[in-house]
Amino acid sequence: MKRTAGLLAVLLAAGPALTQEQPKRPPITGIARVRLYSADLHKSRQFYRNGLGLANSAAGCTGKATPCFAVNDHQQVELVQIAAGAPDNLLAEIAFATPDVAQMHSYLAAHNIRTSAITRDRDGVQHFELLDPEKNHIAFLQLPSQHFFTAAPEQTSQHLIHAGFIVRDMAKQNRFYVDLLGFRLYWYGGFKDVAYTGEGSEKNIDWYELQVPDGDNWIEYMLNIPANAKAPERGIQNHFSFGVRKIDLATKQLRDHNVAKLDGPEIGRDGKQGLDVYDPDGTRVEFMEFTPSKEPCCHPYAAAHPQP
């Protein structure tokens, strides 16, 4: 009994030293890729290659089994075939870049977040997948090194700056993206000049934007969308965006490439000049200037703007 009591006293005294330290979150530096569902890969290839001028099978796309288009040396747009019946969200996956995918995997596991195992693509990219609280597919990946990349003159943009998706429960999503992953407010606003005053008042706003913690890309919650929204509306809301220096030049280039439908250009509620185009499946592809040309509605920007 005395030996047992003595050992217990030593263990209690050493307590903190015997407790395994929680893994820390590694940096999350930006959006590395968006993956989109396509019903007709031939039509989608034509749109992204000929319409938007993106390079097929270039930097970061080597060895991909599905169509892949380089935006720059560290960002891509990928396409996957719709197998049977169109899913509600054609934005199949948003992948975030981190310099330490193993550390990110350990960090999420320590917080009881279920993920896939880490795998390595044929081009050396390590990654794993998971679902956010509203079952949106996201991934974390670690690029082995920067790839040599030179944009073609016909490429309308060389910067993927944000992706947006329908959100039903903003508080639940914030516990994941803000509290756990460290995303930070960039801007929020709505169709009406009504302020967001905290949890429970998200019905007053329509867009809530969160930058990654260690970069200037952002995600956008698309709020107050009816649960029974039809496919065209879902295609508008579940979207992604390219940054451009001048929207007028981007507009001319898209028209020269015979992109069929252009909405804009116009100044949005965020104060930025932008326009929308739509891929063959109705997914909205947004082009916007990096910085606003007027004051935004509803709330000032809370973080630095992306750089060209």
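All of the numbers you see were taken from the coordinates with simple rules; none came from a lab. Since the model is a prediction, treat every value here as computed from it, not as a measurement. Reconstructed Cβ throughout: ideal geometry from the backbone, glycine too, with neighbour counts over all protein chains shown.
Observations on the structure shown:
- Counted residue by residue at 0.36 nm each, then reduced by the alpha carbon distance between them, the extension gain from residue 114 to residue 307 reaches 66.1 nm.
- Hz values of 3J(HN,Hα) by residue in the range 34-51 - Karplus curve (6.51, -1.76, 1.60), Gly and Pro given as x: 10, 10, 10, 7, 9, 7, 9, 5, 5, 5, 5, 4, 4, 5, 6, 7, 7, x
- In terms of its alpha-carbon gyration tensor, the range 160-289 comes out prolate; a/c meets the 1.5 threshold, and the first ratio a/b outweighs b/c.
- Between the amide H of residue 55 and those of 70, distances stay under 5 Å, these residues lying 5 or more places away or on another chain, with hydrogens modeled in the peptide plane.
- Among beta bridges identified by DSSP and lying wholly in the chain, the antiparallel ones come to about 65 percent.
- With Cα atoms, 0 to 90° folded angle of helix 101-110 axis to the chain main axis: 60 degrees
- Multiplying the residue separation of residue 56 and residue 180 by 0.36 nm and removing their Cα-Cα distance gives an extension gain of 41.1 nm.
- Going by neighbour counts of Cβ atoms within 10 Å, the residues 66, 156, 115 line up, fewest first, as 66, 115, 156.
- Charge dipole magnitude, Cβ of K and R +1, D and E -1 - the range 160-289, Cα centre, debye nearest 20: 160 debye
- Global geometry of the range 172-243, whether rounded, prolate or oblate, following the gyration tensor of its Cα atoms and the 1.5 cut on a/c: oblate
- Considering only the range 160-289, percent of DSSP beta bridges that pair antiparallel, nearest 5: 70 percent
- Label of the coordinate-derived value, percent of Cα pairs over 30 Å apart, listed as [x] 62; [y] 31; [z] 35: [z]
- Selection from 213, 229, 176 lying farthest towards where the dipole of the range 160-289 points positive, charges on Cβ: 229
- Computed [θ] at 222 nm, deg cm²/dmol, the chain (DSSP H ≥ 4; -39,500 (n - 2.57); rounded to nearest 500): -5000 deg cm²/dmol
- From least to most packed, judged by other beta carbons within 10 angstrom and beginning with the fewest, 127, 305, 42 follow the order 42, 305, 127.
- Rounded Å value of the spacing that divides the Cα centres of the range 217-245 and the range 118-142: 21 Å
- Rounded tilt (10° steps) of 2-18 against the dominant C-alpha axis of the chain: 20 degrees
- Between residue 21 and residue 293, the distance separating the two model label sites (each 7 Å from Cα on the Cα→Cβ line) works out to 5.1 nm.
- Gain upon complete extension [residue 172, residue 154; 0.36 nm per residue less C-alpha separation]: 2.3 nm
- Debye log10 I(q)/I(0) for the range 30-142, one point scatterer per Cα, at q = 0.10, 0.12 Å⁻¹: -0.31, -0.44
- Per residue Cα convex hull volume in Å³ - calculated over the range 263-308: 92 Å³
- Put in order of Cβ neighbour count within 10 Å, fewest first, the listed residues 246, 135 become 135, 246.
- Here the chain is treated with +1 on each Lys and Arg Cβ and -1 on each Asp and Glu Cβ, and its dipole about the Cα centre works out to around 680 debye.
- Scanning the chain for GluC sites (Glu not before Pro) that sit in a DSSP loop and have at most 11 other Cβ atoms within 10 Å, the longest stretch containing none of them is 22-198.
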